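Peer 1: I'd like to ask you about the structure that follows.
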Amino acid sequence: MKRLTIFLMLMLAVVALTACGSDKTEENTVIEGVPEGVQGVKIAVLRNLASDDHTKQFLDGARKEGESLGFKVDTHIVENNDAKFQELVAQITMQDYDGIIISHGKEDYSYDMIQPAVEKGIKVTLFDTVALKDGKGHEGVTATFQDDYELARLSLQEIADLKKEPVKVIKLWFGGLSPLDRRQEIYKEFEDNNEIVTLETIGPTNFQDVQGDIAAKVNAILAKYPPGAVDAIWGSWDELAKGAYKSLVDNKRSDIKLISIDVSNQDINLMKEEGSQWLSTAAVDPALIGKMNMRIMAKKLAGEETPTEYNLAANLIKQSELKDETTMFNLADIIDGWGESSDFDESWMKTLREHYAK
């Protein structure tokens, strides 16, 4: 009986070792034509904004692209809580991640926040995050942005074209966030050229309910302006615009047009409502932003050259072009090239996708 017990224990040990060995072999399988650095990696994607449609699609784009390459991808949302965001980045840096994608870190702390990760050898890409000290960033870190200057120009030109004389505008904007600061630069150009005149500037104070906060503030402002006193509302971020739209509907202010930046399914549905005064929005596909950050990350892990900065091209989405069936997922039917880019798409990435699609 004792011999039988020892025999069974030995057999179980052999089976366990064999299983471990096969797992290790699978993990370390070399895929021909694929750089070693991109196999068996773990990526964290962190977003310091509310969990709105744009955020979810950005994270989904990054996750799906990473998983198609065989990466393990973890996503995290911190709702504009800078202290919590920095703490989370520090925690992830101490774990076994090969790369970190950071979205919407603030300029006053982002350089120091990512420094431990860079020193540890973790690859880093940034979206809408400026991480500079004395004008210099960390070597090997790529900062990605929507083309915020063009987004602002496209949307503001729509407002300027409403009439010949200066257009009277309520501006939805706040400072301290790098993409909005860049959009403000273009706004000032339109002001300086006397194409628009700003009646009010409104920004959120409650980032847990941006739409509700802005709706309440626009409600209070509209009472000051009778019909004809305001031509348009400019939403520098679509979460702000959605709050303004609710206020315009509640107050029956069909005399005021709404034009914005960024897009989501909620935006599209509101633009399609009967009598909607939301005329257009300038945007980049948020899923594509996540996807491109993941491709750049993959190239870093592969030891390939990546740019210091990368901007994604802007598009203008007009209410007049939307169809009943239009959603975020078929905007390419009315906007040529929406959601598509061949940038950074290497042949070995296609090999990985084919391998992990099996």
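Peer 1: Does LYS291 fit the bill of being touching a strand residue (DSSP E or B) at 6+ places or on another chain (Cβ under 6 Å) and buried (at least 18 other Cβ atoms within 10 Å of the Cβ)?
Peer 2: no
Peer 1: Being open to solvent by less than 50 Å² (accessible area, probe 1.4 Å), aliphatic (A, V, I, L, M) and at pLDDT below 95 is the filter here, so list the residues in segment 201-246 that pass it.
Peer 2: VAL210
Peer 1: Quick check on my filter: what residues within segment 303-358 are under 30 Å from SER276 (Cα atoms), in contact (Cβ under 8 Å) with a residue 40 or more places away in the chain and β-branched (Val, Ile, Thr)?
Peer 2: Residues satisfying the conditions are ILE317, THR326, THR327.
Peer 1: Evaluate the following for VAL249: is it open to solvent by 50 Å² or more (accessible area, probe 1.4 Å) and closer than 30 Å to LYS323 by Cβ?
Peer 2: Taking the combined requirement at face value, the residue satisfies it.
Peer 1: Follow-up. So, of the residues in segment 309-334 that are part of a loop (DSSP other than H, G, I, E, B) and within 30 Å of VAL130 (Cα to Cα), which turns out to be farthest from the chain's Cα centre (by Cα)?
Peer 2: By that ranking, first place goes to PHE329.
Peer 1: Also, quick follow-up: Which residues, counting only those in segment 335-349, are part of a helix (DSSP H, G or I) and either of a type in the set (A, V, I, L, M) or exposed (fewer than 13 other Cβ atoms within 10 Å of the Cβ) (or both)?
Peer 2: If the condition is that a residue be part of a helix (DSSP H, G or I) and either of a type in the set (A, V, I, L, M) or exposed (fewer than 13 other Cβ atoms within 10 Å of the Cβ) (or both), then SER347, MET349 are the ones that fit.
Peer 1: Need pairs with beta-carbon distance below 7 Å; first residue farther than 30 Å from THR205 by Cα and within segment 32-55, second modelled with pLDDT under 90 and among the charged types (D, E, K, R); sequence gap 6+ or separate chains.
Peer 2: Hits for this filter: GLY40/GLU27.
Peer 1: Return only the number of the condition from (1) open to solvent by 10 Å² or more (accessible area, probe 1.4 Å); (2) out of contact with any Pro (no Cβ under 8 Å at 6 or more places or on another chain) that TRP278 does not satisfy.
Peer 2: With (1) open to solvent by 10 Å² or more (accessible area, probe 1.4 Å); (2) out of contact with any Pro (no Cβ under 8 Å at 6 or more places or on another chain) applied to TRP278, the lone miss is (1).
Peer 1: Return yes or no: is PHE145 under 30 Å from PRO227 (Cβ atoms) and not acidic (Asp, Glu)?
Peer 2: No.
Peer 1: Can you tell me which residue is farthest from ILE202 (Cα to Cα) among those in segment 163-172 that are part of a strand (DSSP E or B) and either open to solvent by 10 Å² or more (accessible area, probe 1.4 Å) or modelled with pLDDT under 95 (or both)?
Peer 2: Here the answer is LYS168.
Peer 1: Let me spell it out: the conditions are (1) touching a Leu at 6+ places or on another chain (Cβ under 6 Å); (2) of a type in the set (A, V, I, L, M, F, W, C); (3) open to solvent by 20 Å² or more (accessible area, probe 1.4 Å), and ALA83 meets all of them except one. Which number is the exception?
Peer 2: Looking at each condition in turn, ALA83 falls short on (1).
Peer 1: Considering only segment 111-142, how many residues are part of a helix (DSSP H, G or I) and small (Gly, Ala, Ser)?
Peer 2: Here the count works out to 1.
Peer 1: Now for a separate question. Tell me, yes or no, whether segment 148-162 has at least one residue that is in contact with a strand residue (DSSP E or B) (Cβ under 8 Å, 6 or more places away or on another chain) and assigned to a strand (DSSP E or B).
Peer 2: No, there is no match, as no residue in segment 148-162 is in contact with a strand residue (DSSP E or B) (Cβ under 8 Å, 6 or more places away or on another chain) and assigned to a strand (DSSP E or B).
Peer 1: Just the residues that are closer than 14 Å to SER103 by Cβ, over 15 Å from the mean Cα position of the chain (by Cα) and part of a helix (DSSP H, G or I), please, taken from segment 45-85.
Peer 2: ASP82, PHE85
Peer 1: Right, next: Counting only residues that are in contact with a strand residue (DSSP E or B) (Cβ under 9 Å, 6 or more places away or on another chain) and open to solvent by 40 Å² or more (accessible area, probe 1.4 Å), which one in segment 117-131 is farthest from PRO286 (Cα to Cα)?
Peer 2: VAL118
Peer 1: Could you please find all residues in segment 185-200 being surrounded by 15 or more Cβ atoms within 10 Å (Cβ to Cβ), of a type outside the set (Phe, Trp, Tyr) and within 15 Å of ILE170 (Cβ to Cβ)?
Peer 2: GLU191, ILE196, THR198, LEU199, GLU200
Peer 1: Residue pairs, Cβ under 8 Å, 6 or more apart or interchain, first in segment 150-161 and open to solvent by 10 Å² or more (accessible area, probe 1.4 Å), second assigned to a helix (DSSP H, G or I). List them.
Peer 2: Between residues of segment 150-161 that are open to solvent by 10 Å² or more (accessible area, probe 1.4 Å) and residues that are assigned to a helix (DSSP H, G or I), the close pairs are ARG153/ILE186; ALA160/PHE190.
Peer 1: Here is a further query. Please enumerate the residues belonging to segment 95-120 that are more than 17 Å from the chain's Cα centre (by Cα), charged (D, E, K, R) and farther than 21 Å from ARG63 by Cα.
Peer 2: Of everything in segment 95-120, those that are more than 17 Å from the chain's Cα centre (by Cα), charged (D, E, K, R) and farther than 21 Å from ARG63 by Cα turn out to be ASP108, ASP112, GLU119, LYS120.
Peer 1: Another question, then. Looking only at residues in segment 86-110 that are among the small types (Gly, Ala, Ser) and part of a helix (DSSP H, G or I), which one is nearest to VAL284 (Cα to Cα)?
Peer 2: SER110
The values are calculated or read from the model by the stated rules, or taken from the named source; none is laboratory data. The structure presented is a predicted model; accordingly, all values stated were derived computationally and were not measured. Every residue, glycine among them, receives a Cβ derived from its backbone with ideal geometry; neighbour counts consider all protein chains shown. Protein only, heavy atoms only, side chains kept; ligands, DNA and RNA dropped before computing areas. Shrake-Rupley method; radii C 1.70, N 1.55, O 1.52, S 1.80 Å.
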